Every structure is written in structure tokens, then in C-alpha cells.
Protein chains: 2
Amino acid sequence: MNALEELTESFSRLPGIGKKSATRIAVHILKTDESYAQNLAQQLLTLHERIHPCSICGAFTEKDTCEICSDPSRERNLLCVVEQPQDVQTIEASREYHGLFHVLGGVIAPLEGIGPEQLSFCSLVERVKNENIQEVIIATNPTIEGDTTALYVKKLLSELNIAVSRLASGLPVGGDLEYADKLTLQRSFRGRIFLDM
Amino acid sequence: MNALEELTESFSRLPGIGKKSATRIAVHILKTDESYAQNLAQQLLTLHERIHPCSICGAFTEKDTCEICSDPSRERNLLCVVEQPQDVQTIEASREYHGLFHVLGGVIAPLEGIGPEQLSFCSLVERVKNENIQEVIIATNPTIEGDTTALYVKKLLSELNIAVSRLASGLPVGGDLEYADKLTLQRSFRGRIFLDM
């Protein structure tokens, strides 16, 4: 294998990149100014060293405490529970939510051997108790595992006298009834919102 | 921007990778064993230094002369003319062709300011004259520019008393008449092959 083939092989191991895309990317990098490759290489070399989970919420950060946890302007009585660190970025990009986050690190999935003890439920309960949280918004994915995990969180917090909510599930904006699957349509009906007259 | 966002930004500049794929890839690399990132970085650092065009045909190689040009078992009287170095890899993968290659480095595209003088036509004629080539197979893409370039190659070689052919254009294998565009169907008719009875 020459250097180009080796690079192609490495790229083709990334998610969503097949053999053809990998070749296209490798050739693109070869034809682009060398500084791009050097820069990308530097970023890869330092990535693991610079990024680690926030000691409070578990989101990706370069510091001990992430920017959200240490930002005094956030609504500090709202806590949004997500599955993965990258979910924090997705929600932040929507600019809809201005509270704090808590990353579980996954979902309860007995078939894959992931039980509650492997996820950060203990620290979640601690935080809700100690940080004067008024509402917990559960933003796990609308999948079977995500729903199970949401129910588990609800149970965990049931005696703490706080509001617990779950992100609405239903038709995506810009979507089409015709292409909605049965379960999504079912949720849209059950979660229907009455309009003020 | 933290290290993860920087890496995401770099990846999103690659062809075929949008913001979401770039995030997915960066998070994947962060969660994968660090050795993968280190290895990929090394490959990127040495890519431009190791890979350059073959001095004879123009394909990507690590040596002065590529493996195809220096392989005595190839059919050395057959020359396949392609647009880009990566086209050599694509044709090699098909295992259908066992001759030599010649990379033009692009196609004649007056609108983009690419004229014949920027492409390797001179060395093509030299090679055909000196290397005892019997047939030149033109494998430029079946686009307007590719066709124009093919015609130009044909004219260049017209007085050299060798066979000049062009790759067949028509319906892709496994394709469907219903989805074929007009031009492709037109070519399929014009290039139809009579069956022996």
C-alpha cells in the first residue's frame, strides 16, 4: 500500500465513509495545500489530550468544568438530561434551551449489557438535590431504550418534588403526514396540543 | 472553539462531508482508541512528501516511476488515456485492463481557462511515437468536456497509424431503462452491439 492507499484505508474506517468517499477525500487532501493536512494532523494529535468530560455535567470540554456549567447567566434551576456528550452541542445549536445539562453516558440497554449502574444516575440525583433544580427535562432519544431510560429517570426523581418533563415527540417540522411512520403518528395524536379559540 | 470543534470544522471542509457528518466523525475519533488518531495524523503529515506523480504516466506513486509503468508483465502496446490520477486506481480496481496509462491532468475546458497546453498532450504523442503503442483507449469521462478532449486526442494521433478507441457509453449494468436519461439512451442506441445469430 502506498501512502495514499493507507490514508484511504484509514478514512474508510470512519462512520458514514465508504471506500469511494475515502478515496475522494484522500485525493482531495493530496491536491489541497499541504498546510491543510498538517493542520488536520496537529488537531488529531492533540485531540485526546485536550478534550475530556466536564467534571460536573459530562459534556466535552477542554477545562475541568465546561463553559455551560461555569456560565452564571444560564438558568441554573433547569436541567436537561441527555444520552451523549455530543447531544449537548446539538441542543445548544438550536438556541432554544438556556439551562444546565447532565450527560448520562448512554441509555439503559440490557441486551447490550448496559444497566443503570454504568450510567451517571447517582450524580444526577445528587445534582438535583444539591443544585436547587426546579425542572428536569429528559431529552433521551425517542427510541425504546431512550423511553425506558426516561421512565427510569422519572422514577428516580419522583420523590424529590420537582417537575420532570420529556421532549415532545411527533411530526418533524417540514415533514409530510404521508411519510410519517405509524409510531410517530401515534405519538403526534397522543401528544396533540389544544389550540386556544 | 475547543479542540473538538476545531477538528469538526476541518473535517467539514472535506468533499461530501457536511457539518453533521463532521461532528459524528470527530466524536467517533475522540471515542476511538487514541492510536487511530495518532496513526491518521502520521499519514496526513507524510502524505505530500511521499506521493507525487509518476514521471512517465502521471499516476500517483511513491517512487519516480509507478508500479504499472515499471511492471514488465503489462501489455506495453496498449495505452489508456485518463483525466485524473485517481482514474487509474478506479480502472485498476475493475481488473479489466492490463495495459499502460497516461494521465492528462484534466480536460479541455475553455470556460475554466484550461486549454490543451495545460494538459499532457505533448508527452502523450511522444509516448505513442516512442513506446511502440498499438492502441490508445480514451477513457475520459462521458461529459461534454470529456468528449471534446477525446476528439482532440483522436485528431492528435490521427497520423500516427495506430488504433484509437473510446470506452463504450450506455446503460449501466443493473440499471433500468425507466431511469436512464435521454442522452445515455441515445448513446446506447448509437453504440448498440449486433448479436451473433
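The values are calculated or read from the model by the stated rules, or taken from the named source; none is laboratory data. Computed from a prediction, not measured in an experiment: that's the story for all the values here. Cβ atoms come from the backbone with ideal geometry, glycine included; neighbour counts cover every protein chain shown. SASA here: full protein model, heavy atoms, side chains in, ligands and nucleic acids out. Shrake-Rupley method; radii C 1.70, N 1.55, O 1.52, S 1.80 Å.
Data for the structure
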{"quantity": "Within the stretch A:58-69, considering residues that are open to solvent by 70 Å² or more (accessible area, probe 1.4 Å) and within 30 Å of A:Ala163 (Cα to Cα), the one nearest to the other protein chains (Cβ to nearest Cβ)", "calculated": "A:Glu67"}
{"quantity": "Failed condition for B:Gly16, given (1) at the interface with chain A (Cβ under 9 Å from one of its Cβ atoms); (2) under 20 Å from A:Gln86 (Cβ atoms)", "calculated": "(2)"}
{"quantity": "Cβ pairs under 7 Å, 6+ apart, first in the stretch A:22-50 and more than 7 Å from chain B (Cβ to nearest Cβ), second of a type outside the set (Val, Ile, Thr) and in a helix (DSSP H, G or I)", "calculated": "A:Ala22/A:Phe11; A:Ala26/A:Leu4; A:Ala26/A:Leu7; A:Ala26/A:Phe11"}
{"quantity": "Yes/no for A:Val88 being in contact (Cβ under 8 Å) with a residue 12 or more places away in the chain, closer than 21 Å to B:Lys31 by Cβ, more than 8 Å from chain B (Cβ to nearest Cβ) and in contact with an Asp or Glu (Cβ under 9 Å, 6 or more places away or on another chain)", "calculated": "no"}
{"quantity": "Filter pass, B:Ser55 being more than 8 Å from chain A (Cβ to nearest Cβ), farther than 24 Å from B:Glu83 by Cβ and free of Cβ contacts under 8 Å to residues at least 40 places away in the same chain", "calculated": "no"}
{"quantity": "Subset tally (residues that are at positive phi and more than 29 Å from the chain's Cα centre (by Cα)) for the stretch A:22-58", "calculated": "0"}
{"quantity": "Residue in the stretch B:71-91 that is open to solvent by less than 20 Å² (accessible area, probe 1.4 Å), assigned to a loop (DSSP other than H, G, I, E, B), in the same structural domain as B:Glu126 (by TED's automatic domain parsing) and touching a Phe, Trp or Tyr at 6+ places or on another chain (Cβ under 9 Å) present", "calculated": "no"}
{"quantity": "Cβ pairs under 7 Å, 6+ apart, first in the stretch B:58-77 and in contact (Cβ under 8 Å) with a residue 40 or more places away in the chain, second in a loop (DSSP other than H, G, I, E, B) and among the aliphatic types (A, V, I, L, M)", "calculated": "B:Ala59/B:Ile68; B:Asn77/B:Ile133"}
{"quantity": "Scan of the stretch A:65-121 for residues that are hydroxyl-bearing (Ser, Thr, Tyr) and more than 16 Å from the chain's Cα centre (by Cα), ordered by number", "calculated": "A:Thr65, A:Ser70, A:Ser73"}
